[in-house]
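Undergrad: A single structure is presented below for examination.
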Amino acid sequence: MNTAHTGFTRRQILKATGTGMTLFAVAGCVPVMAPEAALQGNVAAPTAETAHPAFTLPELLYAENDLEPYIDALTMNIHRTKHHQAYINNLNNAVADTEWANMRVEEICRQIDRVPETLRTTVRNNGGGHANHSLFWKIMGPNAGGVPGGALGDAINAQWVSFEEFKAQFKAIGVGCFGSGWAWLVVKADGSLDAYSLPNQDSPLMQGDIPLLGVDVWEHAYYLHYQNRRADYLDAWWNVVNWDEVASLYSAAQ
């Protein structure tokens, strides 16, 4: 490579390439991002203090392509290994060397108002993101869907008259969530069921509720396959809901 007119030596260019820095193309100095940097955006990489991070990416209990055709394998991979991992990296960096690094993420969410104000927004966004996604992967699975039975089915029917009415209202909540957020089925403190949306990565745990079922309606959760058709994504999503897992969570909440 001829570097006479670039302002960089060959050694500098090779060094920049190896560290994932932004490079400048020789012709026109067009910025070229390393592929991983482009995917991660402003995500902080783990620091030396988080070489043994407190929070880690949970393993899937099924293959990434097992939810097809309803959720495609590429979306699953990017959603989990890029977006979810980014929340984990940022949370680990935020709470390194603090008491919060020794807590389960669910406990952090329950006590979000106790997190120091200088950390609270970062922990709210990234701790919520970690908790929400960890639940999301668990309450989905292959050969799933159908109608919940047992105590959970009875409770849904008592609250919404029928499962079909619950599905219709839950879909409306998801479609009506402005911008990015989640639709939730939760257990309230009095044991009753409720459904609502929360913005961004807020968790029901942050307001004293226990999440049973949550669907991610951020665009990254569905855009590769459904583009702007959020309603179609929500219709298809019922086919991957693992009602056995949701029923187990309901039983534990009782």
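The values are calculated or read from the model by the stated rules, or taken from the named source; none is laboratory data. Everything numeric here is computed off the predicted structure, so don't read it as measured data. Note that we place each Cβ from the backbone using ideal geometry, even for glycine, and neighbour counts take in every protein chain shown.
Undergrad: Could you tell me whether Leu23 is surrounded by 14 or more Cβ atoms within 10 Å (Cβ to Cβ), on the phi < 0 side of the Ramachandran plot and at pLDDT below 95?
TA: yes
Undergrad: In region 212-248, which residue that is part of a helix (DSSP H, G or I), buried (at least 19 other Cβ atoms within 10 Å of the Cβ) and not β-branched (Val, Ile, Thr) is farthest from the chain's Cα centre (by Cα)?
TA: Step by step, filter region 212-248, then rank; the result is Trp243.
Undergrad: Which condition number in (1) part of a helix (DSSP H, G or I); (2) touching a residue at least 40 places away in the same chain (Cβ under 8 Å); (3) among the polar types (S, T, N, Q) is the one that Gln201 fails?
TA: (1)
Undergrad: On to the next question. Has region 129-147 got any residue that is touching a residue at least 24 places away in the same chain (Cβ under 8 Å), aromatic (Phe, Trp, Tyr), under 15 Å from Pro58 (Cα atoms) and surrounded by 23 or more Cβ atoms within 10 Å (Cβ to Cβ)?
TA: No, region 129-147 contains no residue that is touching a residue at least 24 places away in the same chain (Cβ under 8 Å), aromatic (Phe, Trp, Tyr), under 15 Å from Pro58 (Cα atoms) and surrounded by 23 or more Cβ atoms within 10 Å (Cβ to Cβ).
Undergrad: Leu91: closer than 24 Å to Leu249 by Cβ, of a type in the set (A, V, I, L, M, F, W, C), modelled with pLDDT of 95 or more and in contact with a strand residue (DSSP E or B) (Cβ under 9 Å, 6 or more places away or on another chain), yes or no?
TA: Criteria not met by Leu91.
Undergrad: Within region 195-246, track down each residue that is under 19 Å from Pro69 (Cβ atoms) and among the hydroxyl-bearing types (Ser, Thr, Tyr).
TA: Tyr222, Tyr223, Tyr226, Tyr233
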